[in-house]
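Here's the structure, in structure tokens; my notes come after.
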Amino acid sequence: MSVTKRTSKNVLLDTALKNFYGAAEEMGLEDGLVEILSRPERAISVSLPVAMDDGSIRVFEGYRVQHSTALGPAKGGFRYHPDVDLEECEALGSLMTWKCSLAGIPYGGGKGGVSCDPLELSTSERERLTRTFAARIAPIVGEWTDIPAPDVNTGAAEMIWFMDTISKMHGKLEPGIVTGKPISIWGSKGRTAATGVGVATCIKELLETEKADVKGARLIIQGFGNVGTYAAKTMDEFGAKIVGISDVTGGYYAPDGIDVKKAFDHVTNHPKKMLEGYSQPGMTKVSGEEILLVDADVLAPCALEGAVNAKNAGSIKARYIVEGANGPVTPEADAILEPKGVIVVPDFLANSGGVIGSYFEWVQNLNGYFWTEEEYNNRLIPIMTDNFYRVWNYSKEHDVKMRRAAFLVAIKRVADAVKMRGTFL
Ligand code: GLU
């Protein structure tokens, strides 16, 4: 390969680029395609003036990056977090391209966000911020161009504000412009749980193919937000034992099993949707870091990037890691885990249930016809299972790690599309 490889000071982007170049080299991808796919098609920054409740004005920074539209409209969420910047959105946008490609759905990849601390914002401030963000990126989003969705700290409320703002600007309802909407307003039954159900499907298939019992398997779920809660609930229904859960308030360890239903109800009723104050018999409160290291078969990091890193990877006891979050295992951690024989199911396979669910919602929106939750899950679970085995089998046949296998499969489909469509735009 004779291209000049891009690097970045942003760890997530640097990792995304390294993973891409490594796989591209291994598959002998031609230089022109490497150049095209190592850059986003479009990246914009927007400033967002928001009238705060106290009458002052604050200006937030927002971003939207469309990494690729070769396979279809850019697809990917937008997040609210203090660490959001353009490079993080670029990295996460490229991950969406590979995720949608691997999932076999007709989308490219994108990501957006606003640098803010949502815990400091009132509901009406979040609404004004979301509507301003929607208006500022309106020229580049659309149901056939770029379709946002929930991500870290955004959910159904933000999505409906987003849809409403764009619909009012355009003078007509545009439900397919965003996914993850409330069920009562053009959302889809099953979408909220989809990412967690998909993570659980990967955990179950992994254990079964490894001839390990799902019933009684011990799990740590790091992050008890949308992904973690539904992954925990689904694994609990499969008979697994969730020994540890955590969120920003720390770790909750119960060697005999967390009462998942009780923890779920606690979070649902907590004003900030947190585990803070949760307790049950036989439970010990530990730190968010300690919970990753307790004895378990499977660790599912479902919070933010970089959770499993060079500092803690050597002490992790779990034999399997299933990445519910985007980028939770750093490349340094990957290198430590591999010789220990730890199998890592990569993020853009493990958490693809969310965007597959978004695709279902969009299809229903375009048709104006809604499916039952059963129809939804009956379609989601076989797709997740097939995708899991496609990557698993590829990794066995070619003797590569699952992450590399997933990249090789995903890049090929996008590269073929770019080639077939040509390079006029
Ligand atoms: N934010 C989710 C992800 O990272 C969902 C994206 C979507 O549904 O478009 O996969």
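Miscellaneous remarks
- Answer residue from the stretch 326-339, given it is over 19 Å from the mean Cα position of the chain (by Cα) and in a loop (DSSP other than H, G, I, E, B) and is farthest from the ligand (Cβ to nearest atom) among those: P339
- Looking across I183, I160, one residue alone is within 16 Å of the ligand (Cβ to nearest atom) and in a loop (DSSP other than H, G, I, E, B). It is I183.
- Here the condition is being at pLDDT 95 or above, surrounded by fewer than 20 Cβ atoms within 10 Å (Cβ to Cβ) and of a type outside the set (D, E, K, R); of T284, T201, T229, T179, it holds for T284 alone.
- Scope the stretch 368-384; condition farther than 15 Å from V322 by Cα and within 16 Å of the ligand (Cβ to nearest atom); matching residues: Y376, R379, L380, I383
- Check on V59, over 24 Å from the mean Cα position of the chain (by Cα) and not charged (D, E, K, R): yes
- When residues in the stretch 142-157 are screened for being free of Cβ contacts under 8 Å to residues at least 40 places away in the same chain and surrounded by 17 or more Cβ atoms within 10 Å (Cβ to Cβ), 1 of them pass.
- In the stretch 110-153, the residues that are closer than 13 Å to Y63 by Cβ, in contact with a Phe, Trp or Tyr (Cβ under 7 Å, 6 or more places away or on another chain) and small (G, A, S): G112, G113, S115
- Single residue of the stretch 84-132 satisfying the filter (polar (S, T, N, Q) and in a helix (DSSP H, G or I)) that is farthest from the ligand (Cβ to nearest atom): S124
- Residues of the stretch 39-72 satisfying the condition of being under 20 Å from A410 (Cα atoms) and buried (at least 21 other Cβ atoms within 10 Å of the Cβ): P40, V65, Q66, H67, S68, T69, A70, L71
- Some residue of the stretch 225-243 being on the phi > 0 side of the Ramachandran plot and within 16 Å of the ligand (Cβ to nearest atom): no
- Matching option when the condition is part of a loop (DSSP other than H, G, I, E, B), modelled with pLDDT under 95 and among the hydrophobic types (A, V, I, L, M, F, W, C), among L275, L304: L304
- Selection count where residues are modelled with pLDDT of 95 or more and of a type in the set (D, E), scope the stretch 1-25: 1
- Candidate set: the stretch 180-190, residues that are within 17 Å of N367 (Cα to Cα) and of a type outside the set (S, T, Y); chosen: the one nearest to the chain's Cα centre (by Cα): G180
Residue-by-condition table, conditions (1) within 16 Å of the ligand (Cβ to nearest atom); (2) at pLDDT below 95; (3) part of a loop (DSSP other than H, G, I, E, B):
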site	(1), (2), (3)
A318	no, no, yes
I321	no, no, no
G324	yes, no, yes
G341	no, no, yes
S358	yes, no, no
V363	yes, no, no
L366	yes, no, no
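- As a summary of the residue check, D53 satisfies the conditions (1) over 30 Å from S122 (Cα atoms); (2) assigned to a loop (DSSP other than H, G, I, E, B); (3) in contact (Cβ under 8 Å) with a residue 40 or more places away in the chain except for the one numbered (1).
- For beta carbons closer than 6 Å, sequence separation of 6+ or different chains, a first residue in the stretch 184-204 that is under 14 Å from T229 (Cα atoms) and a second that is within 11 Å of the ligand (Cβ to nearest atom) and of a type in the set (A, V, I, L, M), the qualifying pairs are T195/V227; G196/V227; V199/A350.
- Among the conditions (1) over 30 Å from M163 (Cβ atoms); (2) surrounded by fewer than 22 Cβ atoms within 10 Å (Cβ to Cβ), the only one that N378 does not satisfy is (1).
- The set of residues in the stretch 7-38 that are assigned to a loop (DSSP other than H, G, I, E, B) and loosely packed, with under 15 Cβ neighbours inside 10 Å comprises T7, K9, G28, E30.
- The strands (runs of 3 or more DSSP E) located wholly in the stretch 218-271 that include 3 or more residues which are aliphatic (A, V, I, L, M) and without any contact (Cβ under 8 Å) to a residue 60 or more places away in the chain occupy 241-247.
- Among the residues of the stretch 66-83, those identified as more than 10 Å from the ligand (Cβ to nearest atom) and among the small types (G, A, S) are S68, A70, G72.
The values are calculated or read from the model by the stated rules, or taken from the named source; none is laboratory data. Values in this document were obtained by computation on a predicted structure and should not be read as measured data. Cβ coordinates were reconstructed from backbone atoms using ideal geometry, including for glycine residues, and neighbour counts include every protein chain displayed.
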